[in-house]
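Student: Have a look at this one before I ask anything.
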Amino acid sequence: MRSIPEGLLEAARKALGYREKNNGSTKFGRWYYTNVDTSTPSFKTAPWCDMFVTWAAHQAGIQDYVGEFAYTVDHAKWFRRHDAWSDKPEPGALVFYDWSGSKNINGIDHVGIVERVNGRKIKTIEANVDGVWLKRKVRDQSKVVGYGLPRKVWKAKDGQRKVWEVKNAPQEIREMENDLQEIQDTDNTPQETWEVENAPQEAQEARDGDQAVAGLPKPNDPAKPQAMAAGSDAAPTVRAFASTSGALSGSDFGDLPVMQETTVSAVAVTALLCVVFLVRWTRGRTSSAGPATGRHRQAAFGLPA
C-alpha cells in the first residue's frame with residue numbers, strides 16, 4: 001500500500017512535460033472548474049500551480065489530506081489550521097514560496113511538491129513555471145515560506161476519528177444490544193410461546209395415554225379407589241397379579257423379578273399366569289417320581305403333596 005507522499009508524487013510525475021495553451025487555458029484549470037469550484041469559469045485560464053496540486057491529490061485519492069485549493073495563501077493557512085505546517089522539507093510535502101523572500105504566509109506566490117531533499121537544496125515538481133510548463137525544478141530554500149505536510153493532516157484526522165470511535169463505543173454497544181433484543185423478540189412467535197406454556201400439559205397427556213393403554217387409572221386420579229373397590233376392569237388384573245406375585249415370593253421362584261403393578265399391562269399379567277400354569281402342570285406330572293423338593297414347591301402353590 002502506497003503512503004500519502006508516494007501516492008501524490010506518483011500522480012504528479014505522470015503529468016510532467018505538460019504545457020499550457022496559448023490562451024492560458026489548461027486542463028487542470030478546466031478540471032478544477034468542473035469538479036471542485038464552479039463559481040467562476042475564470043479558473044480555466046487562471047494561474048494553475050495550485051490547481052495542479054489539487055488534481056494530483058484527486059488522482060491519488062488523498063484530497064482530504066492535501067486540500068483542494070486554487071489560491072496558495074488559503075492553502076497554506078489550511079495546513080497551519082490542521083497543525084501540519086513545518087519549516088523542514090520532506091518528500092511529498094507541499095512547498096510554498098514568496099518570491100520576495102519574506103516568511104509571511106500572506107505573501108505566498110507559488111506552490112510545488114517536494115520530490116527530494118539534498119541538504120539545503122530541494123528537488124520539486126511544479127506547475128506554471130518558466131512561463132507555461134509543468135516540470136522539475138531544483139531550488140534553494142531562501143524563498144521558501146514553509147511546508148505543508150499531508151501526512152500530518154492524515155494523522156490529525158485519523159486521530160480525531162479514533163477519538164470519536166472511543167467516545168461513542170458504549171453507545172454503539174448499547175445500540176447493538178437493543179438490535180439483538182429486537183431480533184430475539186421477533187423470533188419469539190406466538191406459536192413458540194404457546195408450545196412453551198403448554199409443554200407440561202402435553203407431557204402429562206402423553207403419560208395419561210400410556211396409563212390408559214395399560215388399563216390403569218391416571219396417577220392421582222380420585223376415581224382410582226372407587227374403581228378398584230367397585231370391581232372395574234383393571235381391578236381383577238391387578239389383584240390376580242398381586243396374588244401371583246405373593247405366591248412366587250414365598251417359593252423358590254421368589255428370586256424372579258417382581259414388577260410393579262402400576263407398570264404391568266394386562267397382556268404381561270396374562271403371559272405370566274400362563275407360565276405359572278405350565279410350570280404347575282409339569283410339576284404335577286413328575287410329582288410321583290420327583291424328589292422331595294418338588295413336593296415342597298407344589299405345596300407352595302396350595303396343591304396336595
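Where a number appears in this text, it was derived from the coordinates with a stated rule and is not lab data. Given the structure is predicted, the values throughout are model-derived calculations rather than measurements. Positions of Cβ are backbone-derived with ideal geometry, glycine not excepted, and every protein chain shown enters the neighbour counts.
Student: Any of LYS123/LYS152; LYS14/LYS88; LYS21/LYS137; LYS14/LYS123; LYS21/LYS135 with alpha carbons more than 19 Å apart? Name them for me.
Tutor: Long pairs (Cα-Cα over 19 Å): LYS123/LYS152; LYS14/LYS88; LYS21/LYS137.
Student: Whole-Å semi-axes of segment 4-156's equivalent ellipsoid, largest first, each the root of 5 times a Cα gyration tensor eigenvalue?
Tutor: Working through the eigenvalues yields semi-axes of 22, 17, 15 Å.
Student: For ASP37 and ASP140, what does the FRET efficiency come to when R0 = 30 Å and r is the distance between their Cβ atoms, rounded to the nearest 0.05?
Tutor: So, using R0 = 30 Å, E works out to roughly 0.35.
Student: Between ARG2 and TYR71, 0.36 nm times their residue separation minus their Cα-Cα distance comes to what?
Tutor: Result: 22.1 nm gained on full extension.
Student: Using 1/(1 + (r/R0)^6) with R0 = 25 angstrom and r between the beta carbons of TRP99 and LYS123, what's the FRET efficiency to the nearest 0.05?
Tutor: The formula returns an efficiency of 0.85 here.
Student: Rounded to whole Hz and in sequence order, give me ³J(HN,Hα) for segment 83-98 from the Karplus expression 6.51 cos²θ - 1.76 cosθ + 1.60, θ = phi - 60°, writing x for Gly and Pro.
Tutor: For segment 83-98, the Karplus curve yields 6, 10, 9, 9, 9, 10, x, 7, x, x, 7, 8, 9, 10, 10, 10 Hz.
Student: If Lys and Arg each add +1 and Asp and Glu each add -1, what is the summed charge of the other residues whose beta carbon sits under 11 Å from the beta carbon of GLY67?
Tutor: That sum, taken over residues with Cβ under 11 Å, equals -2.
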